Amino acid sequence: MDLTFGSDVLGAVLTGSRARGTATDHSDLDLVVVVAEQSTPWRHDVRTAALDQVTCTVEALADTSTTWQRYAYRGAQVLLDRLDGQITALVERQATPTAAEAAEWARAGLDAYVNQLYRAVKSRRDGFPEAARLDEMESIPWLLATVFALHGRLRPYNKYLDWELATYPLSPFWTAELQPAKVAGGALRLFPAVAELARERGHGDVLDAWGFDLALISSAAG
């Protein structure tokens, strides 16, 4: 595929599985093309089986307020940077939370994780095992968001969780426990370890705000 760029293009960034080396026979090219100006911050130009291309302004690439899309830049390859490293720096900024961002996400994720576990424990206690299982499953995204944020990191997309842990491992404990096959059934079991990590990072007040309910979760996590 021809990836030559006109003079109006300031940068080009390859994202997705081809950038990370995890492509399959079904993988397309995920390409972000950066220009100085256009009528909208983001424009989806091509969406085919072979190429998914969006065009954005430099200002849009610098905007980190939309958290869900930021992991797209983890492991991205900058194919073109006509701004003397600025495009590369903006891609790195998207993929790397600040300490303040990570702390904010950790606190929000931790509270949501505890909330879902509390619902699961109550459902199981009250004789609703199917509801409890669903509640515990719903806690897994919050578990992942919390643990990665407590390590100053973005939560990976599920598809790239294996890649993230292999490429940028956490401690041996967390790298092992967050493997997809293991974490999928370990949301409640991992609560004591998450709570310990959160307290080490200074977020014990989020846990303590749950009062007696925290003991109920801890007892069920056993």
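Give the number of residues within the range 80-107 that are surrounded by fewer than 16 Cβ atoms within 10 Å (Cβ to Cβ), in contact (Cβ under 8 Å) with a residue 24 or more places away in the chain and small (Gly, Ala, Ser).
Count: 1.
Could you check, for the range 126-137, whether at least one of its residues is within 30 Å of GLY6 (Cα to Cα) and assigned to a loop (DSSP other than H, G, I, E, B)?
Scanning the range 126-137 turns up no residue that is within 30 Å of GLY6 (Cα to Cα) and assigned to a loop (DSSP other than H, G, I, E, B).
Out of (1) surrounded by 17 or more Cβ atoms within 10 Å (Cβ to Cβ); (2) among the acidic types (Asp, Glu); (3) closer than 18 Å to ASP205 by Cα, what's the single condition that is false for GLU136?
All conditions pass for GLU136, except number (3).
Quick one: in the range 64-79, of everything that is closer than 18 Å to ALA12 by Cβ and surrounded by fewer than 18 Cβ atoms within 10 Å (Cβ to Cβ), which residue is farthest from the chain's Cα centre (by Cα)? Show your work before the answer.
Going residue by residue through the range 64-79, those that are closer than 18 Å to ALA12 by Cβ are 69, 72-79.
Filter once more, so that each one left must be surrounded by fewer than 18 Cβ atoms within 10 Å (Cβ to Cβ): 69, 77, 79.
On the way: GLN69: 9, GLN77: 18, LEU79: 23 Å.
Per the criteria, the residue is LEU79.
Could you grab me the full set of residues in the range 117-141 that are over 14 Å from GLY185 (Cα atoms) and not acidic (Asp, Glu)?
Listed by number, the residues that qualify are TYR118, ARG119, VAL121, LYS122, SER123, ARG124, ARG125, GLY127, PHE128, PRO129, ALA131.
So, in the range 1-48, exactly how many residues are among the basic types (Lys, Arg), closer than 26 Å to GLU59 by Cβ and either loosely packed, with under 15 Cβ neighbours inside 10 Å or touching a Gly at 6+ places or on another chain (Cβ under 8 Å) (or both)? Break it down stepwise before answering.
Taking the range 1-48 first, the residues among the basic types (Lys, Arg) are 18, 20, 43, 47.
Okay, now just the ones that are also closer than 26 Å to GLU59 by Cβ, so 43, 47.
Add one more test, that the residue is either loosely packed, with under 15 Cβ neighbours inside 10 Å or touching a Gly at 6+ places or on another chain (Cβ under 8 Å) (or both), and what stays is 47.
The total comes to 1.
Residue under question is ARG18, and the condition is that it be farther than 23 Å from LEU83 by Cα, free of Cβ contacts under 8 Å to residues at least 60 places away in the same chain, basic (Lys, Arg) and not assigned by TED's automatic domain parsing to the domain that holds TYR157; does it hold? Break it down stepwise before answering.
Details: farther than 23 Å from LEU83 by Cα: yes; free of Cβ contacts under 8 Å to residues at least 60 places away in the same chain: yes; basic (Lys, Arg): yes; not assigned by TED's automatic domain parsing to the domain that holds TYR157: yes.
Taking the combined requirement at face value, the residue satisfies it.
If you check PHE148, PHE173, which single one turns out to be under 23 Å from SER65 (Cβ atoms) and not in a loop (DSSP other than H, G, I, E, B)? Show your work before the answer.
On the way: PHE173 fails: under 23 Å from SER65 (Cβ atoms).
After applying the criteria, what remains is PHE148.
Of the residues THR15, THR57, THR4, only one is touching a strand residue (DSSP E or B) at 6+ places or on another chain (Cβ under 7 Å) and either modelled with pLDDT under 95 or farther than 30 Å from THR146 by Cα (or both); which? Please lay out each step first, then the result.
Numbers: THR15 fails: either modelled with pLDDT under 95 or farther than 30 Å from THR146 by Cα (or both); THR4 fails: touching a strand residue (DSSP E or B) at 6+ places or on another chain (Cβ under 7 Å).
Answer to the selection: THR57.
For ARG189, indicate whether it is more than 27 Å from ARG74 (Cα to Cα) and of a type in the set (D, E, K, R). If you could, list the steps in order and put the result at the bottom.
Details: more than 27 Å from ARG74 (Cα to Cα): yes; of a type in the set (D, E, K, R): yes.
Criteria met by ARG189.
The values are calculated or read from the model by the stated rules, or taken from the named source; none is laboratory data. Being a predicted model, the structure only gives us computed values, none of them experimental. Positions of Cβ are generated from backbone atoms using ideal geometry, with glycine treated the same way; all protein chains shown enter the neighbour counts.
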